Amino acid sequence: MITDEIINARIEDLKKACHEKGMRVTDQRIIIFKEVVKSCSHPDAETVFQAVKKRIPSISFDTVYRTLASLEELEMIFRVDNQLPKARFDAEKTPHHHFICVKCNEVYDVFPDSDEKIQIPRNTSKFGEIKDMNLQIRGICNKCKENKES
């Protein structure tokens, strides 16, 4: 559950990142970011657009898409998987992985227990600096399995 306290802290992080990169802190940017932060469903740009349009009726899809790109540039959100039919966005900063259903394309956060560590192969660093790691697990989610069985 994403609390208002978490959302407000993340918005403060966004403001700080904008100031550091010389980007304006706009109401539109904050509202769009807030929609991604409060969503646990890894929304695509269209879903974010529809939610934001309720608060800012005059906003265009292009503005939402460009803002999502700027939030990626600020490293405040990231794309979950480039193989999904639509780009899906995640603002969760806690280290985690993703379970992606190959039937319905639903994306679930998988938070490892504190004693679970996935080892990055030692020779990975020869390709460059590692910024983070995200394991993507593909399978069939329980909802799709239940639908198939019934």
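The values are calculated or read from the model by the stated rules, or taken from the named source; none is laboratory data. Model, not experiment: these values are computed from the prediction. All Cβ positions, glycine included, derive from the backbone under ideal geometry; neighbour counts span all protein chains shown. We work out accessible area using only protein heavy atoms, side chains counted, and drop any ligands, DNA or RNA first. Shrake-Rupley method; radii C 1.70, N 1.55, O 1.52, S 1.80 Å.
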If the Cβ limit is 8 Å and pairs must be 6+ apart or interchain, which residue in the stretch 106-120 that is touching a residue at least 24 places away in the same chain (Cβ under 8 Å) pairs with which residue that is assigned to a loop (DSSP other than H, G, I, E, B) and open to solvent by 80 Å² or more (accessible area, probe 1.4 Å)?
-> Asp109/Cys40
Please go through the stretch 127-150 and pick out each residue that is modelled with pLDDT of 90 or more and more than 15 Å from Glu106 (Cα to Cα).
-> Phe127, Gly128
Is there any pair with a first residue in the stretch 48-69 that is modelled with pLDDT of 95 or more and a second that is open to solvent by 80 Å² or more (accessible area, probe 1.4 Å) and not hydroxyl-bearing (Ser, Thr, Tyr) whose Cβ atoms are under 6 Å apart and which are 6 or more apart or on different chains, and what are they?
-> Phe49/Phe61
Lone unmet requirement of (1) in a loop (DSSP other than H, G, I, E, B); (2) under 22 Å from the mean Cα position of the chain (by Cα) for Gln119 | (2)
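Consider the stretch 2-61. How many of its residues are small (Gly, Ala, Ser), under 26 Å from Asn105 (Cα atoms) and surrounded by 13 or more Cβ atoms within 10 Å (Cβ to Cβ)?
3
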